[in-house]
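K.L.:
Before I ask anything, here is the structure I am working with.
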């Protein structure tokens, strides 16, 4: 098996509304994941994992940028071309 694989997650042209919905749902899912992990670590292990808090803040910043970008595209009557590839590596 290869040590690295690439998977196409998103590849298309979307209306501003579709693109915003797609990206916001993806980002909110990631935000929820980090929130649950942070809460779980605090409850189970008494750990305060600041990397989860940092990532949540980063995701919120990205969400604001997505909102602004999609609003601009909507005002200009333009579409959004969105491409996203995920690279997965097997490591030691």
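K.L.:
From the helices alone, meaning DSSP H stretches of at least four residues, give me the mean residue ellipticity at 222 nm for the chain, per-run term -39500 (n - 2.57), in deg cm²/dmol to the nearest 500. All intermediate terms of the calculation are to be shown ahead of the outcome.
P.N.:
Working: 2 runs with 56 residues, N = 92.
Rounded to the nearest 500, it is -22000 deg cm²/dmol.
K.L.:
Here's another thing I want to ask about it. For segment 42-92, just say rounded, prolate or oblate: build the C-alpha gyration tensor, square-root its eigenvalues into a ≥ b ≥ c, call rounded for a/c under 1.5, and beyond that prolate if a/b exceeds b/c, oblate if not.
P.N.:
Oblate shape, in that a/c is at least 1.5 and b/c is the bigger or equal ratio.
K.L.:
Just checking my list (i) 15, 42, 27, 13, 3; (ii) 15, 36, 27, 16, 6, 1; (iii) 15, 32, 32, 18, 4, 0 against P(r) over Cα pairs in 10 Å bins from 0, in percent computed from this structure; which label fits?
P.N.:
Derived directly from the coordinates: (iii).
K.L.:
With angles folded into 0 to 90 degrees, how steeply does helix 16-45 sit against the dominant principal axis of the chain? Use alpha carbons for both and round to 10.
P.N.:
That helix lies at roughly 10 degrees to the long axis.
K.L.:
Sticking with this structure for a sec: What is the angle, in °, between the Cα long axis of helix 50-75 and the longest principal axis of the Cα atoms in the chain? Nearest 10 is fine, range 0 to 90.
P.N.:
10
K.L.:
Quote to one decimal, in nm, the extra length available between residue 29 and residue 44 on full extension: 0.36 nm per residue of separation minus the C-alpha distance between them. Working shown, then result.
P.N.:
Working: separation 15, 0.36 × 15 = 5.40 nm, distance 2.20 nm.
Extra length available between residue 29 and residue 44 comes to 3.2 nm.
K.L.:
Order these by the 10 Å Cβ neighbour count, fewest first: 1, 63.
P.N.:
1, 63
Quick note: the coordinates plus some simple rules give every number you see, no bench work behind them. Since the model is a prediction, treat every value here as computed from it, not as a measurement. Here the Cβ is made from the backbone with ideal geometry for all residues, glycine too, and neighbour counts use every protein chain on show.
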